[in-house]
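First up is the structure itself, then whatever we jot down about it.
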Amino acid sequence: MGNRDRRKLIKQLITDFKISTQEELLQRLKDAGEEATQATISRDLHALNVAKVNDENGHSYYIRVENAGPKINQRMYEMIKNTVESITTVQFINVIKTTPNSNYATILAGLFDDSQMPEVTGTLAGNDTFITISQTPEEAKKINQLVQKYMEH
């Protein structure tokens with residue numbers, strides 16, 4: 001099974017089941033006849049724009065966050081306004097903190113990736129903190145100014 005078919009299967013599995021760990025996803029893939037490594041699944045989840053959310057009982061599970069096409073920047077600006085608590089620039093990196101224990105960082109980092117802003121070389125996300133990596137301190141400063149602008153709205 002190639003990337004495309006495996007990712008299609010992953011989308012189906014996270015739609016059909018509340019999968020809470022990569023290990024559980026690997027087992028469901030194996031049950032469906034697809035062998036994969038944890039590293040491959042991690043890349044697939046990122047490529048599919050999958051994030052973890054909490055249900056009403058506090059249990060986390062994967063969902064796919066659909067890209068909004070041309071409206072992606074508007075979604076990103078709305079999320080900055082509603083979830084970002086602080087931003088700190090360190091040379092060519094911005095450290096952005098979102099609402100604690102919210103998983104918003106993963107979703108927002110994906111929106112930054114999808115925005116294709118030339119000042120963002122890449123992102124790295126955790127639960128409630130993510131970083132944007134730029135090529136120069138000047139580019140990082142532009143990202144900081146953008147985030148500050150939408151935090152204040």
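Just so it is clear, none of the values below were taken in a lab; they were calculated from the coordinates. This one's a predicted model, so the numbers in the text were calculated from it and none came from an experiment. Glycine gets a Cβ as well: all are built from the backbone with ideal geometry, and neighbour counts include every protein chain shown.
Label-to-label distance, Met151 versus Asn54, with points set 7 angstrom from Cα along the beta-carbon direction: 2.3 nm. Working note: Karplus 6.51/-1.76/1.60 with θ = phi - 60° gives the stretch 131-136 the couplings 10, 10, 10, 10, 7, 9 Hz, where Gly and Pro are set to x. Expressed as a fraction of 2.2 N^0.38 Å, the value expected for a compact globular protein of N residues, the C-alpha radius of gyration of the stretch 45-116 is 1.14.
For the stretch 69-151, the equivalent ellipsoid built from the Cα gyration tensor has semi-axes of 17, 14, 12 Å, listed from largest to smallest. Per-peptide packing, taken as the mean over residues of other Cβ atoms within 10 Å, places 1-11, 121-131 in the sequence 121-131, 1-11 from highest down.
This model, with +1 at the C-beta of Lys and Arg and -1 at the C-beta of Asp and Glu, gives the stretch 69-151 a dipole about its Cα centre of some 200 debye. Just to confirm the number: angle between the C-alpha axis of helix 38-47 and the first principal axis of the chain, 0 to 90 degrees, nearest 10? Helix 38-47 sits roughly 60 degrees off the main axis of the chain.
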